[in-house]
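Visitor: Below is a structure I'd like to ask you about.
The values are calculated or read from the model by the stated rules, or taken from the named source; none is laboratory data. Everything numeric in this text was worked out from a predicted model, so none of it was measured. Cβ atoms come from the backbone with ideal geometry, glycine included; neighbour counts cover every protein chain shown. Quick note on the areas: whole protein, heavy atoms, side chains included, nothing else; ligands and nucleic acids left out. Shrake-Rupley method; radii C 1.70, N 1.55, O 1.52, S 1.80 Å.
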Amino acid sequence: MKSLFGTWSNTVRKNWLLLVISMLLPTFGVSYSALTAQRIYASYSALQRSISVSTLEKFADTGNVSDDLAVYAQFLKTEQLQELRRVLINPIKVHPVAVSQFLYTQQGEFLLQRLGEVIKTDSREQKPGFHALRSALILAAKEPQGLTLLNIFRKYPSASIHIDLARTLSIAAELERLVTETDRAIATVKQKSNSEAIDIAASLSLAQLPDIRRQGSFAVRKQTLKFLDRGRLLMTDIYLPNTRTPAPVIVISHGIGSDSSNYAYLANHLASHGLGVVVPNHPGSDTKQLRSLLNGSESELAQAEEFYHRPMDVKYILDKIEADPQYKGRLNVQTVGVFGQSFGGYTALALAGAKINFTQLQKDCNPKALKETWNVSLLLQCRAAELQTRNPNREYSFRDTRVKAVIAVNPVTSSIFGQEGLSEINVPVMMMASSDDTVAPALYEQIRPFSWIQSTNKYLVLLTGATHFSVIGNGKTNAGQIGLPSEVVGDDPKQARKYVNTISLPFFQTHVAGVSQYSPFLNAAYAQSISTQPMGMSMIQSLNSNDLARAIAQNSTWKPMNK
């Protein structure tokens, strides 16, 4: 999905609406309809005019403005007409299976209902419009040229489409604001990274540093163990380095729809440098859950209970390893680091001490607030609000004193923890954000939350050109995984994984293993020295929330929001 999650051209940014829609596409259970839209009726207040789809097709192909299009063209500048033509045919190459994670989920249908309020069928009723829109999006996404606005019109299963222009323009303005604010935040991080790099470079001889990007010298043996707890089968991969002393332990927590095999690349790299690595499979939010979602036996991407079970999985596995005689003298389970991506990032932060913030969830998850959000991750976070209702006496603080430091990549944070929850973290933490993440937007889920963390040792890493999926490695072929096409994972996923290997190693060696020789690698100057195109890397160690707010607010009406 180069045009979906990769290069953010101006056209793609103006099509953010389609980007969000594409994340929701279910791919099964919708039959093809021979009926397609013939005309589009656009209304603004009491004014309504129509234009034929064939006219738009001719305009997209040739650039010629016919009579019925001329009615609209008279209000547009030449460059705006050119932009309209690009928007009609510019593809957002959505892989239908890859994005079908939201197949008939509560979250996906909620957002489609929002869109159904402005895009309707002849009947003007919301329910038929909802199903028609879903059908059009699915069928358009399957087209060889990808998802385009013109393809959506072609595949719309109704003789006509009725669009509320006033509401559509309002939504477009909301999305444009989200993109603009994110761009400004990213620019602020880059500027600060450059400033920190200049200050550090004078006292740091980068040329003298060893190359930690290479595999280490320790032989590694992999084992897979089965644990059973709370009715959950916890298949767990353990990577044992051949060290003379007990190795510190690094836990890797995968995200939704993936499993332990997706992080074998990181596990092998860390273990080859003398760190023990434990990679659990979290049932209920792994590859098997995604398969169940696709075949219709499950209706949710992850149940609310997963916010409880995931950190408890890690705690239980650490307990079992600590009690197992075969690991005595091999693994030091009292000295643990946690790496997590997406939902795994939540898991890592929870184990570091971040508390579920039910007050924040109640505020952000009411229907009125949700109706105004385009932050897809908030819809997942809001599921956690059910925990307190179901089990009001259960403890939802997962701090584990064995955990000495954590890395959270593309985590969801804004409402599940909020400022109050994240301020509870007092161990070293690294937050990693991707500039082109439309699942857990960088500004709202990583950059701004980073400014809330009070830990003395904290780092924010920004991967420019990366997506929510860039750091996910290739899974084992027999796991039934849904392969992500090259477009989904950004400009250069191999480079993203190299960055993850390179920056995770010194962080865990410094803050978990206590090896001070690795600390010179944890700064903006080193990150800048290994950053290469097309996917760049920046790092900062501090960010003032007020400075960030001022930078984002330049020439805008910005206000803090958990959306």
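Visitor: May I ask you to compute the full-extension gain from PHE227 to ARG399, defined as 0.36 nm times their residue separation minus their alpha-carbon distance, rounded to one decimal in nm?
Guide: 59.8 nm
Visitor: Provide ARG310, ARG167, ARG402, ARG244 ordered by accessible surface of protein heavy atoms (probe 1.4 Å), highest first. Spell out each step's value before the answer.
Guide: On the way: ARG310 0, ARG167 65, ARG402 25, ARG244 240 Å².
Accessible-area ranking of ARG310, ARG167, ARG402, ARG244, largest first: ARG244, ARG167, ARG402, ARG310.
Visitor: Given 0.36 nm per residue, what is the gain on full extension from ALA159 to VAL71 after removing their alpha carbon distance, in nm? Don't skip to the end; give the middle numbers.
Guide: Details: separation 88, 0.36 × 88 = 31.68 nm, distance 2.14 nm.
Working it through step by step, the gained length comes to 29.5 nm.
Visitor: Same structure again: Going by accessible area, probe 1.4 Å, with all protein chains left in place, what is the ranking of MET430, MET235, largest first? Mind dumping the intermediate values first?
Guide: Details: MET430 0, MET235 60 Å².
Descending order: MET235, MET430.
Visitor: Can you list the HN-Hα couplings for region 464-469, worked out from phi with the Karplus curve (6.51, -1.76, 1.60; θ = phi - 60°), rounded to whole Hz and with x for Gly and Pro?
Guide: Once θ is set to phi - 60°, the couplings for region 464-469 become 8, x, 8, 10, 5, 9 Hz.
Visitor: I've got another one for you. Check THR148: other-chain or 5+ apart residues with amide H under 5 Å from its amide H, H built from backbone geometry?
Guide: Amide H to amide H, under 5 Å and 5 or more residues apart or across chains, THR148 pairs with ILE92.
Visitor: Let me ask something else. Out of residues 5 or more away from VAL409 or on other chains, whose amide H comes under 5 Å of its own, with H placed 1.01 Å from N in the peptide plane?
Guide: Amide H neighbours of VAL409: GLY340, GLN341, SER342, GLY345, MET432.
Visitor: Rounded, prolate or oblate: which one fits region 365-420, using the alpha carbon gyration tensor with axes a ≥ b ≥ c (rounded when a/c is under 1.5, else prolate when a/b beats b/c, else oblate)? Walk me through the numbers before you get to the answer.
Guide: Details: a/c = 3.03, a/b = 1.34, b/c = 2.26.
Because a/c hits 1.5 or more and a/b fails to exceed b/c, region 365-420 counts as oblate.
Visitor: Still on this structure, I have one more. Give a residue-ordered list of calculated ³J(HN,Hα) values for region 423-433 (Karplus: 6.51 cos²θ - 1.76 cosθ + 1.60, θ = phi - 60°; whole Hz; x for Gly, Pro).
Guide: 5, 7, 6, 10, 10, x, 9, 10, 10, 10, 10
Visitor: What FRET efficiency do you get for GLU420 and SER519 if R0 is 35 Å and r is their Cβ-Cβ distance, rounded to the nearest 0.05?
Guide: Between GLU420 and SER519 the formula returns 0.70.
Visitor: In this model, which of LYS315/LYS363; LYS315/LYS355; LYS355/LYS404; LYS222/LYS328 are farther than 20 Å apart at the alpha-carbon? Don't skip to the answer; put the middle values down first.
Guide: Values: LYS315/LYS363 30 Å; LYS315/LYS355 16 Å; LYS355/LYS404 17 Å; LYS222/LYS328 17 Å.
Those over the limit are LYS315/LYS363.
Visitor: Ignoring ligands, DNA and RNA, what percent of the 1.4 Å accessible area of region 314-366 is carbon and sulfur? Could the numbers behind the result be given before it?
Guide: Working: 830 of 1850 Å².
Answer for region 314-366 is 45 percent, counting heavy atoms of protein chains only.
Visitor: What does the accessible area per residue of region 328-440 come to in Å², with a 1.4 Å probe and no ligands, DNA or RNA counted?
Guide: Numbers: 3570 Å² over 113 residues.
Result: 32 Å² per residue.
Visitor: Now a separate question. Provide the per-residue ³J(HN,Hα) series for region 51-64, in order, calculated from phi with Karplus coefficients 6.51, -1.76, 1.60 and θ = phi - 60°, each as a whole number of Hz, with x at glycine and proline positions.
Guide: 9, 7, 5, 4, 5, 5, 5, 5, 4, 5, 6, 10, x, 6
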